[in-house]
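Notes follow the structure.
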Amino acid sequence: MRLKQSLEEGILPISNAELAKAVKDNARFSDLRLLTIKRQLYLINGKESDVSKELLEKITALGADHLVVDLSAPEAESDGIPQLVKKAYHVLDLISFFTTGEDETRAWTIERGTKAPQAAGVIHTDFETKFIRLEVIETAKLLEAGGWSKAKQKGWLRVEGKEYEVKDGDVLEVRHG
């Protein structure tokens, strides 16, 4: 098999090989969640002007992405870490949606393009199997409204079904049986 041969020959990362998509789409391998099929992100400590063209070419040839952050700079913790998280989400094609209630607001991470029932299943498996619909609002609109009940009074909540692709920053309430 080509995957086994590639692994034995040390052709890594597989994310750079033509069989990465085949591995990801193959039911036998998709549950393995192999790190080698994930896109890579290189964090380069320093200034953008210090990074050589040759290094960037090598990173590109690997099919990877990069981020340059000066970790010794005073603002590295407040600026660099959020940049790294955003870049990692972008590279891995991840988004976040939120649930909120009286006591807690929580972020949930899913792959971009995830349909409503599967996103609900991240919260609890019963939510996916017994999914009915979502009530959805964008984060900014919810904050503008001043809360869920006020947003509902203004008619700002949308009802979405099983085919809805959850968007980055959506705030969801799951209706299930």
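May I ask for the angle, rounded to the nearest 10°, between helix 81-92 and the longest principal axis of the chain, with both axes built from Cα atoms and the value confined to 0 to 90°?
With both axes taken from Cα atoms, the answer is about 90 degrees.
Tell me the per residue accessible area of the chain using a 1.4 Å probe; a whole number in Å² is fine.
66 Å²
Probe radius 1.4 Å, ligands and nucleic acids ignored: give me the carbon and sulfur share of the accessible area of the chain as a rounded percent.
51 percent
Going highest first, how would you order 158-166, 91-99 by mean Cβ packing within 10 Å?
91-99, 158-166
Using the charge dipole of the chain (Lys, Arg: +1 at Cβ; Asp, Glu: -1 at Cβ; taken about the Cα centre), state which of Ala76, Gly10, Gly161 has its Cα farthest towards the positive end.
My answer, from the dipole projection, is Gly161.
Above 17 Å lies some portion of the pair distances; for segment 100-177, what is it as a whole percent of all C-alpha pairs?
When every Cα pair of segment 100-177 is considered, 43 percent fall beyond 17 Å.
Taking only the Cα atoms of segment 30-98, how large is their convex hull per residue, in Å³?
107 Å³
Given Gly113, Leu67, Ser96, which one lies farthest toward the positive end of the charge dipole of segment 22-123, if we put +1 on the Cβ of every Lys and Arg and -1 on the Cβ of every Asp and Glu?
Gly113
With contacts defined as alpha carbon pairs under 8 Å and 6 or more residues apart, what's the relative contact order of segment 16-159 in percent?
Contact order relative to length: 13 percent.
Using a Förster radius of 22 Å, what is the FRET efficiency between Phe98 and Ser78 based on their Cβ-Cβ separation? Nearest 0.05, please.
It comes out at approximately 0.45.
Any chance you could tell me what percent of the C-alpha pair distances in the chain go past 29 Å?
42 percent
The values are calculated or read from the model by the stated rules, or taken from the named source; none is laboratory data. Worth saying up front: this structure is predicted, and the values here are computed from it rather than measured. Note that each Cβ is placed from the backbone with ideal geometry, even for glycine, and that neighbours are counted across all protein chains shown. Note: accessible area is taken over every heavy atom of the protein model, side chains too, but ligands, DNA and RNA are not part of it. Shrake-Rupley method; radii C 1.70, N 1.55, O 1.52, S 1.80 Å.
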